[in-house]
Amino acid sequence: MTDRIFVTNLCLHGFHGVHKAEKSLGQKFFIDIDCRLGQPATSTDLMEETVHYGEVCDLAEELSGKTVFNLIETFAERIADAILQKWDIVEEVTVTVRKPSAPIRHLVDHVGVSITRARNG
């Protein structure tokens, strides 16, 4: 059995990217966060015994606001690391960051990265 807590399509405005315009104007980023828990989410009926998805969103927003990342890969990794540090119940986390306004010449819906980090490896 694997229980998961997840957030899909969290929209944040950030100044991440390598180009000057990205750092000065900023853009939207869409983030998915999927936490695999090491115990059933329903083992108790207490919020403090599980992962609060609102706090997951707050954590991603805080990281986006206090640091400007050149790479969305680094942004995703910092989110994953912070979640693993904050919630002992999370055994593995996958973070996907999508960038719909990437400064590339191709017509795409979005570009992005997806990383998975585990507590023990």
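Here, each number is a calculation from the coordinates, and none is a lab measurement. Remember, predicted model here, so these are calculated numbers, not experimental data. Cβ: placed from backbone, ideal geometry, glycine included. Neighbour counts: every protein chain shown.
Got the relative contact order for segment 62-121 handy, in percent, Cα pairs under 8 Å and 6 or more residues apart? Kindly include the intermediate steps, with their values, before the conclusion.
Values: 75 pairs, mean separation 20.9, N = 60.
Over segment 62-121, the number comes to 35 percent.
Once you place label points 7 Å from the Cα toward the Cβ at M47 and N70, how far apart are they in nm?
4.0
Which value in nm describes the separation of the simple spin-label points at F30 and H13, placed 7 Å from the Cα toward the beta carbon?
Each label point is offset 7 Å from its Cα along the Cβ direction, giving 1.9 nm.
What does the charge count around F15 come to, taking other residues whose C-beta lies under 13 Å from its C-beta (Lys +1, Arg +1, Asp -1, Glu -1)?
On the way: positive: K20, K23, K28, K66, K99; negative: E22.
Once all neighbours under 13 Å are counted, the net charge is +4.
Ignoring solvent entirely, what values of log10 I(q)/I(0) come out of the Debye formula for the chain at 0.15, 0.17, 0.23 Å⁻¹ when each Cα is a single scatterer?
-0.66, -0.81, -1.29
Quick one: D109, D81, D32, fewest Cβ neighbours within 10 Å first, how do they rank?
Numbers: D109 7, D81 14, D32 17.
Ordered by Cβ neighbours within 10 Å, fewest first: D109, D81, D32.
What does the charge add up to near P40, with Lys and Arg as +1, Asp and Glu as -1, over the other residues with Cβ less than 14 Å from its Cβ?
Around P40, the charge tally is -2.
Going out from 0 in 10 Å bins, what whole percent of all Cα-Cα distances in segment 46-93 drops into each bin?
Using 10 Å bins, I get a P(r) of 25, 53, 19, 3 for segment 46-93.
Note down the magnitude of the dipole of the chain about its Cα centre, charges +1 on Lys and Arg C-beta and -1 on Asp and Glu C-beta and zero elsewhere, to the nearest 20 debye.
On the way: 13 positive and 18 negative charges, 163 e Å.
The calculated dipole for the chain is roughly 780 debye.
If you average the sequence gap of Cα pairs under 8 Å that are 6 or more apart and divide by the length of segment 4-118, what percent do you get for the contact order? Mind dumping the intermediate values first?
On the way: 207 pairs, mean separation 33.4, N = 115.
So the answer I get is 29 percent.
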